[in-house]
Structures are given as structure tokens and as C-alpha cells.
Amino acid sequence: MILITDELRARLLANGAVETETDHVPVVKLFNPVGAATWLLTELDAYGDTLFGLCDLGFGFPELGSVSLAELQAVKGPLGLGIERDLYFAPRFPLSVYVEAARVAGHITETEQLLRHAAAALALAHSELPPDAGG
């Protein structure tokens, strides 16, 4: 399976080229079909190998980070199965919402209720922040 199509690559590169910190919507979801590892990826560096996003190796501690596309493509598990792309993934929220939901759930989730709760919690947290006191 082609993990990153030309269209996805173009979107990931465009997100990676943005010079300001941006809360992108995930572009692609990759997963291990015989394990618990999942990646929600938003950006690709200009060299075309380093992806950035929410990485969950299945240990209960998903985190933001980078992963090598070449390394993902090289993974061969039982029966020669490699990492796959979720063809039905339809992101509905920015990455920060998936991060918050994953923090609560202990793994990357697409559960609507958890995502909506995370989105509401993030909106509330941002609206209740006190003004910067300058120090």
C-alpha cells in the first residue's frame, strides 16, 4: 500500500512549510494492522521524510512527535504486513483536539463524544486564561 499519495504529500508539505505555529487538521492516519501503533500526521518536512503529528505506539502515552516515513515504510510485521493508511479516516478537528482526547483516553481515539468533549475543554481553557501579566 502507498502510505502517502501525491495528494497527501502535497498537503503535508504545505502544512510543513507554514512558518508560524499552526494547529493543522490531521492529513493522514497510519496504523499497524497487527498492533496498537497509530499516527495522526499533519506535516512533512521539506526533505520529504520527517512527518509530524500525534504518535501512539500503544503504550498508553500518545505524544506529539516526529517519525520517519522511510522507517514506517520499512516496517514488516507478522506475515509481512506493513504499516497501512486508514482509507476511511475523515478528520473533523484540529490536531490539538485529538491530542486532548488521546490524553484522556490513553490512546488515539475517533470517538465523537470524546472529541467533542476535548474540543469544548480546549475552548473553555483558552477562554478562561488570565491575561499575561508580563512576567
Item to complete: For segment 61-77, indicate whether the set of residues that are crowded, with 16+ Cβ neighbours inside 10 Å and among the aromatic types (Phe, Trp, Tyr) is non-empty.
Response: no
Fill in: Extreme residue, farthest from Ala105 (Cα to Cα), among residues of segment 48-69 that are aromatic (Phe, Trp, Tyr) and over 9 Å from the mean Cα position of the chain (by Cα)
Phe59
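Each reported figure results from applying straightforward, stated rules to the coordinates on display, with no laboratory input. The structure presented is a predicted model; accordingly, all values stated were derived computationally and were not measured. Here the Cβ is made from the backbone with ideal geometry for all residues, glycine too, and neighbour counts use every protein chain on show.
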